[in-house]
Amino acid sequence: MATIPYKIYLSEEEMPKHWLNLRSKMKELPEPFVNPGTGEYCTREDLLPVFCEELVDQELNTTDEFIEIPEDIRNFYKMYRPSPLVRAYCLEKLLDTPAEIYYKYEGSNTSGSHKLNSAAAQAYYAKKQGLTSLTTETGAGQWGTALSMACAYYNLDLSVYMVKVSAEQKPHRRAVMETYGAKVISSPSDTTVAGRKILAANPDTGGSLGCAISEAIEVAVTSDNCKYVLGSVLNHVGLHQSIIGLETKIACDKYDIKPDIIIGCAGGGSNLLGLIAPFMAERIEGKNNIDFVAVEPASCPSLTRGRYALDFGDTGQTTPLIKMYTLGSGFMPAPNHAGGLRYHGMSPIISKLYHDGYIRGKSYTQSEVFESATQFARIEGILPAPESAHAIRAAIEEALACKESGEKKTIIFGLTGTGYFDMTAYMNYNAGNMTDYIPTDEDLQKGFDTLPQIEQK
Ligand SMILES: Cc1ncc(COP(=O)(O)O)c(C=O)c1O
């Protein structure tokens, strides 16, 4: 048996040429989007005013197992892929665990996270369609940065609505996006009807992804040659992220690594969906019995305390209705540092798999998460994004459980990004100033009260 290196790198030739569409493998599909106006399932025509054509087709494609990655996108990917699958030998030693721990590291590109995998694809399809500009939202700033890079490459104008609290905490993120040519607007803003409405109702709000989405969609549908793109939640975003799981699977097969547990942090669910895709496809076929774990912040617990219901994807209630685990589109998360995990909903595919028992959920407070982030940074060298550190926390807990039981499980987790722009949060943690907020049932009820009153099919 070959010794497993610290880092398994694939060659460029080994990089997948197709994305994997997990829905083609699911025994039961997630419910299609519902048009809130008619109560009917959304058609292609309903989605085209907002999204690029090819992305709408990918969104609605439930049958093709593989979708070719155009050569142009593969060449873009080669700027920073394949990404390494790292054996966490140092962490294993520190924890004194019999478990084998691996992480797929997506943080080694300039944008700093996995988000570039979908940004590259979405900008490519926009350009191919002849569009001249795009709008989007960003929470922690990772998605906005990734899309800024992709739009610079494809010469597209970009407006980024950035959640206000993040924009204030991370001025350097904004500067990177502007360096790549994007226009960055703090959300809620007075530049849109949706933003003005949210500000009138809640003038001191720190904003949320839901608000920022409403603003970005409004600008896209009222501007010529412009569409809206989203960095998570939607099926086509998860599809693009399957490159993470496909590369991981090739690396595992090369070294006969058989995961028992696969862990990912879950904001809108895209990295988790991408990481697990090929492994989940096999699990559905009865070929493995992997324990899949989704990790979320205790402050925004859409899977672990949310409702499985039809809901809007945005606070302004302009999107189609999505059947997903949700805290309600009116849920306002506390302005803490869980950054990109502060979204009220969840990928409909992840939601369905969770509902059907294929995935379990865990949640942690941010103090717990930063404790693990710091431990990981000190022993493995990489300074993780707070989002990614949710998965680190769960992996460490699983490895310590192995130490207790003596089991030699193989654990893989997604290390989705770096934390260089999260130093305000690290500074708070280091100074002992970090506060934890766990919503009460009454707090959550306020969000559930905003769920649309629509007959569930
Ligand atoms: C580094 C990082 N990891 C994870 C996420 C969560 O997103 P998703 O659940 O779509 O992967 C984000 C979102 O901003 C992020 O920036």
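The convex hull drawn around the Cα atoms of region 127-199, when projected onto a plane and averaged over every direction, covers 4.8 nm².
Our note on the geometry: Cα centres of region 158-237 and region 311-385, 19 Å apart.
For residue 346, the residues whose modelled amide H falls within less than 5 Å of its own, excluding neighbours fewer than 5 places apart on the same chain, are 325. Building the convex hull from the alpha-carbon atoms of region 292-385 and averaging its projection over directions returns 6.6 nm². Annotation: amide H of residue 102 within the under-5 Å range of 88, 411, 412, 413, sequence separation 5 or more or interchain, hydrogens built in the peptide plane. Database remark: amide H of residue 138 closer than 5 angstrom to the amide H of 161, 162, 163 (H placed geometrically; neighbours at sequence offset of 5 or more, or on other chains; Pro and chain starts carry no H). Across region 27-35, coupling constants 3J(HN,Hα) worked out from phi with the 6.51/-1.76/1.60 Karplus curve, θ = phi - 60°, read 5, 10, 8, x, 5, x, 5, 10, 6 Hz, and Gly and Pro carry x. The angle separating the long axis of helix 366-380 from the principal Cα axis of greatest extent in the chain is about 50 degrees. A P(r) calculated from all alpha carbon pairs of the chain, with 10 Å bins opening at zero, reads 5, 23, 35, 27, 10, 1, 0 percent.
Taken one residue at a time, the phi angles of region 221-236 give Karplus couplings (6.51, -1.76, 1.60, θ = phi - 60°) of 6, 9, 10, 6, 6, 10, 10, 9, 10, 10, x, 7, 6, 6, 4, 5 Hz. Gly and Pro are set to x.
Note on region 139-269: the alpha carbon radius of gyration divided by the globular reference 2.2 N^0.38 Å gives 1.25. What the Cα atoms of region 202-285 give is an Rg and a Dmax of 17.7, 56 Å.
Arrange 440, 365 by Cβ neighbour counts within 10 Å, fewest through most, would you?
Working: 440 8, 365 19.
Neighbour counts put them in this order, fewest first: 440, 365.
The alpha-carbon positions of region 171-210 define a convex hull whose volume is 77 Å³ per residue. Taking 0.36 nm per residue of sequence separation and removing the Cα-Cα distance, the residue 28/residue 258 pair yields an extension gain of 80.2 nm. A Cα-only calculation for region 10-155 places Rg and Dmax at 18.6, 58 Å. Each of 25, 170 was scored by other Cβ atoms within 10 Å of its Cβ. Arranged with the fewest first, they read 25, 170.
Listed by chain and number, the aspartates and glutamates whose alpha-carbon sits under 14 Å from that of residue 254, ignoring those within fewer than 8 places in the same chain, are 14.
Taking every DSSP beta bridge that has both ends in the chain, the antiparallel portion is near 35%.
The order of 437, 77, 103, going from fewest to most other C-beta atoms within 10 Å of their C-beta, is 437, 77, 103. Taking a straight Cα-Cα cut-off under 23 Å and skipping sequence neighbours fewer than 8 places away in the same chain, the lysines within cross-link reach of residue 128 are 17, 78, 115, 183, 227. The alpha carbon radius of gyration of region 247-303, expressed as a multiple of 2.2 N^0.38 Å, is 1.22.
Once divided by 2.2 N^0.38 Å, the Cα radius of gyration of region 74-134 becomes 1.63.
Counting each DSSP H run of 4 or more residues in the chain as -39500 (n - 2.57), what helix-only mean residue ellipticity at 222 nm follows after dividing by all residues, to the nearest 500 deg cm²/dmol? It would help to have the intermediate numbers written out before the result.
On the way: 18 runs with 187 residues, N = 457.
Mean residue ellipticity at 222 nm (helix-derived): -12000 deg cm²/dmol.
Could you tell me whether region 337-436 comes out rounded, prolate or oblate from its Cα gyration tensor? Rule is a ≥ b ≥ c as square roots of the eigenvalues, rounded for a/c under 1.5, then prolate if a/b exceeds b/c, otherwise oblate. Cα axes put region 337-436 in the oblate bin.
A short reminder: the numbers here are calculations on the coordinates, not readings from a lab. Being a predicted model, the structure only gives us computed values, none of them experimental. With ideal geometry, Cβ positions are generated from the backbone for all residues, glycine too; neighbour counts draw on all protein chains shown.
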